[in-house]
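Please read the structure below before turning to the comments.
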Amino acid sequence: MKFFIDTANLDEIKEAHALGILAGVTTNPSLVAKEGVDFHERLREITALVPGSVSAEVIALDAEGMISEGKELAAIAPNITVKVPMTTEGLKAVHAFSELSIKTNVTLVFSATQALLAARAGATYVSPFLGRLDDIGHNGLDLISEIVEIFEIHNIPTEIIAASVRHPVHVNEAARRGAHIATIPFKVIQQLTKHPLTDQGIEKFLADWKERS
Ligand code: E4P
């Protein structure tokens, strides 16, 4: 499983990139709004830093509007992936983008059949939202398993991005269940690097080193 970071914050992206683990970035309108920056300018900065896929979401709700926005976004850099919401209009746009060889990430996926539809429309990635399903009393991770199973049975090349990741167990389980990618908030990436026994081990090694004769 590859790691993407789920943020539009440049410092967080730089820090995660320096770890050598970053295969891509996902943004969404809420994350960009939080930064208070020009959307296209921020995308230029991110795509210059990270060579992997950088998802940028369209705002339009109709296919025609999505296609026109998506073309503008895709023109910013070759590693832009156009993020499209999982709607009937979104599917039409995804199909059009696939004919233009523009990569797409279908977002706000909450069922396996939505994922299958998106894949058949030509999506490069689908993003099932784990945390938001957990929030309403469903098991987000089971959705990952279902999509993995269906894509394997039908030999579907669309990659599954575990999204709306809230904690390290989501990441661990998404990897075990066969998600291709997890897009992770910076705070959770930091949590993943830590273990109390690692810290205790370092302290003990240093204490012993100081005591040497
Ligand atoms: C995915 O690409 C989305 O940006 C993201 O994971 C949404 O997560 P949230 O439920 O924490 O907003």
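Rule-based calculations on the coordinates, nothing more; no lab input. Worth saying up front: this structure is predicted, and the values here are computed from it rather than measured. Every residue, glycine as well, gets a Cβ built from its backbone with ideal geometry; the counts of neighbours run over all protein chains shown.
Descriptive notes on the structure:
- For residue 109, residues with placed amide H under 5 Å, excluding near neighbours: 127, 129
- In terms of its C-alpha gyration tensor, the range 1-89 comes out prolate, because a/c is 1.5 or above and the ratio a/b outweighs b/c.
- Relative contact order of the range 2-210, pairs being alpha-carbon contacts under 8 Å that are 6 or more residues apart, as %: 16 percent
- Among 211, 35, the ranking by other beta carbons within 10 Å of each residue's beta carbon, starting with the fewest, stands as 211, 35.
- Dipole magnitude of the range 110-213 about its Cα centre (Cβ charges: Lys, Arg +1; Asp, Glu -1), debye to nearest 20: 280 debye
- Karplus-derived 3J(HN,Hα), 6.51/-1.76/1.60, for each residue of the range 76-89, Hz, glycine and proline x: 5, 6, x, 9, 6, 10, 7, 8, 10, x, 7, 9, 4, 5
- For the chain, a simple Cβ point-charge model (Lys and Arg +1, Asp and Glu -1, everything else neutral) yields a dipole of about 400 debye relative to the Cα centre.
- Helix-only CD estimate at 222 nm, as mean residue ellipticity for the chain, using -39500 (n - 2.57) per DSSP H run (n ≥ 4): -15500 deg cm²/dmol
- Across the range 141-185, Cα pairs under 8 Å and at least six residues apart give a relative contact order of 46 percent.
- Candidate lysines for bridging to residue 210, where Cα separation is under 28 Å - those fewer than 8 sequence places away on the same chain excluded: 194
- Three-way shape label, the range 2-210, alpha-carbon gyration tensor, a/c 1.5: oblate
- 3J(HN,Hα) along the range 95-104, derived from phi through the Karplus expression 6.51 cos²θ - 1.76 cosθ + 1.60 where θ = phi - 60°, amounts to 4, 4, 4, 5, 5, 8, 6, 9, 6, 9 Hz, with x in place of Gly and Pro.
- Fewest-first ordering of 55, 30, 164, 98 by other beta carbons within 10 Å of each residue's beta carbon gives 30, 98, 164, 55.
- Alpha-carbon centroid distance for the pair the range 116-159 / the range 33-95, whole angstrom: 21 Å
- Within the same chain, lysines fewer than 8 places from residue 103 are excluded, and of the rest, those with a Cα less than 18 Å from its Cα are 2, 71, 83, 92.
- Over the range 27-112, Cα pairs under 8 Å with separation of 6+ residues give a relative contact order of 26 percent.
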